[in-house]
Amino acid sequence: MKQLVSSCLLFLISIASFAGPSINEKHQVYTIDGTTAEQLRTQMLEHGLIDHGRRVDAMTHWYIKWHYTWHYDNPTENPCYVTHAQVRADISYAIPEWANIQESAPALQTHWKNYINNLITHEEGHVGNAKQAASEIEQALLNTQAASSCQTLKEELDNAANTILQRHKNWDIQYDAETDHGRTQGAVFP
């Protein structure tokens, strides 16, 4: 009976450890105005976001941080192992918002709405990538095997997390290259 209770407690602790990363999403806008497609494009070129020295219509930033705790047992056994991992992803993306949309022709409004929907779809690809990275980092931290020393464990944990982080940063770069920053997904204006 004692083993059953211990197993149940271990199961409940495992469930709590795998609660999932904390995700903090922030959606922002920058305002533009105009009544023609050319005016809107000019506004986006003047007020849009700067990414690596290039003006872009929308942009997603994400930052992931992690924290873990470990327990040190008897050195003759597997002495150092993770007892808890906490991962947080801060994700924000910004897109243009057309302030005086009602003052323009219905066809331009429709074109704009399609563009914005496609632009959001593109940015949500980056958001999903960030969430996936956070989840993978948490799983890697929780699944790392016990180590002979806590210093060795710390190095293994940080290396695993940084490897995952770099892979997802590379994915973002490749995603933008393959979609031409959303253009192949219909994020083209005018």
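No value in this document is a laboratory result; all are computed from the given coordinates. This is a predicted model, so every value here is computed, not measured. Backbone-built Cβ (ideal geometry, glycine too); neighbour counts: all protein chains shown.
Could you calculate the contour length gain from residue 52 to residue 22, that is, 0.36 nm times the residue separation minus the distance between their Cα atoms, to one decimal place in nm?
So the extension gain works out to 8.0 nm.
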Subject >> Cross-link reach list, lysines versus residue 26, counting only Cα pairs under 18 Å and skipping chain neighbours closer than eight places >> reply: 65, 131
**OP:** Taking the dipole about the Cα centre of region 35-95, with the C-beta of Lys and Arg at +1 and of Asp and Glu at -1, give me whichever of 70, 91, 37 is farthest to the positive side.
**Re:** 37
Original post:
What list of ³J(HN,Hα) couplings, whole Hz, do you get for region 61-69 from phi and the Karplus terms 6.51, -1.76, 1.60, once you set θ to phi - 60° and write x for glycine and proline?
Top reply: 10, 9, 9, 10, 10, 9, 9, 9, 10
**OP:** May I ask for the angle, rounded to the nearest 10°, between helix 2-17 and the longest principal axis of the chain, with both axes built from Cα atoms and the value confined to 0 to 90°?
**Re:** 20 degrees
Original post:
Most mobile of 51, 90, 176 per a Gaussian network model of the chain (Cα springs, under 10 Å)?
Top reply: 51
**OP:** Please determine, in degrees from 0 to 90 and to the nearest 10, the orientation of helix 150-179 with respect to the longest principal axis defined by the Cα atoms of the chain, where the helix direction is its Cα long axis.
**Re:** 20 degrees
Original post:
Between residue 63 and residue 179, what FRET efficiency follows from the Cβ-Cβ distance if R0 is 25 Å, with the result rounded to 0.05?
Top reply: 0.65
**OP:** May I ask you to derive the FRET efficiency for residue 88 and residue 117 from their Cβ-Cβ distance with R0 = 35 Å, giving the value to the nearest 0.05?
**Re:** 0.75
**OP:** Determine ³J(HN,Hα), in whole Hz, for all residues of region 121-131 in sequence, where each value follows from phi through the Karplus function 6.51 cos²θ - 1.76 cosθ + 1.60 and θ = phi - 60°; x replaces Gly and Pro.
**Re:** 4, 4, 5, 5, x, 5, 4, x, 4, 5, 5
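Just the number, please: percent antiparallel of the DSSP beta bridges in the chain, rounded to the nearest 5. Present the calculation step by step, with values, prior to reporting the outcome.
Details: 18 of 29 bridges.
That works out to approximately 60 percent antiparallel.
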**OP:** Just add up the charged neighbours of residue 88: K/R +1, D/E -1, any other residue whose Cβ is under 15 Å from the Cβ of residue 88.
**Re:** -1
